[in-house]
Amino acid sequence: QTITVNDTQAPVLSAPPANVTVQCGAIPAMTNLNWTDNCDGAGSVSGVDGPLVGGSCGGTITRTWTYTDACGNTDTETQIITVNDNVNPTASNPATINLSTGPAPAPNVNVVTDEADNCGVPTVTFVSDVSDNRSCPETITRTYSVTDDCDNTILVSQVITVHDDRAPELYSDLMPELFITCENIPDVPTLEFIDNCTLDIDVNFEEYEVTIDEYSYDIIRNWTVTDDC
């Protein structure tokens, strides 16, 4: 009697994990699947991940487990891992700047120093400066955007406070004291003043006399110059 024994029965893998959707950078750890076979017995096999198809902003990875028994019979199980990135990056508001005089410094993306993202390094971009249009002080809100590779974006703000603690200054030449005879009293000079913040400076002039003795007196000329602050 000739007894021919064949093995045409495939091994059986246990059920794979359910399909899952995850954020990039959070791919689930690889697992093993158990298998049984009518001839080979039992064991476990590790999965193999295929390439990310479509990219980290919306793609898939196919995880495959395959066992082939000694007679070439095969069983395959798969899991689809969908990869998204809809998580915003993070960053803190830059430190407040207090200035004793203007102008405000130029925007500098490097003041945003703790930006982070779950998938990579985000990009910082200057957005705008918005002033409260005051001057004593002026408050400027400077905004930067922090954007990751999948266009998830947050805005951070920096407050710049510009004080004005500088007085106007005399721009013209002026002799602080003159000794003259009465017939040579000069006309009141026209003086120019400048200020670090105010263009239209308020100038008030007054003149009065102070008697020294019966032969002499002082003429006092005062300019009071006031800026917007």
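Quick notes on this structure:
- The number of residues in the stretch 46-65 being farther than 30 Å from VAL121 by Cα and open to solvent by 30 Å² or more (accessible area, probe 1.4 Å) comes to 2.
- Residue within the stretch 170-178 that is assigned to a strand (DSSP E or B) and touching a His at 6+ places or on another chain (Cβ under 9 Å) present: no
- Condition met for ASN152 (out of contact with any strand residue (DSSP E or B) (no Cβ under 7 Å at 6 or more places or on another chain) and surrounded by 12 or more Cβ atoms within 10 Å (Cβ to Cβ)): yes
- The stretch 67-112, subset of a type in the set (A, V, I, L, M) and open to solvent by 70 Å² or more (accessible area, probe 1.4 Å), residue farthest from ASP151 (Cα to Cα): ALA70
- In the stretch 184-214, the residue that is most open to solvent (accessible area, probe 1.4 Å) out of those that are of a type in the set (D, E, K, R) and part of a loop (DSSP other than H, G, I, E, B) is GLU214.
- Criterion: of a type in the set (A, V, I, L, M, F, W, C), surrounded by fewer than 14 Cβ atoms within 10 Å (Cβ to Cβ) and assigned to a strand (DSSP E or B) - qualifying residue of ALA42, ALA15, ALA29: ALA42
The values are calculated or read from the model by the stated rules, or taken from the named source; none is laboratory data. Everything numeric in this text was worked out from a predicted model, so none of it was measured. Note that each Cβ is placed from the backbone with ideal geometry, even for glycine, and that neighbours are counted across all protein chains shown. Surface areas here come from the heavy atoms of the whole protein model, side chains and all, with no ligands, DNA or RNA. Shrake-Rupley method; radii C 1.70, N 1.55, O 1.52, S 1.80 Å.
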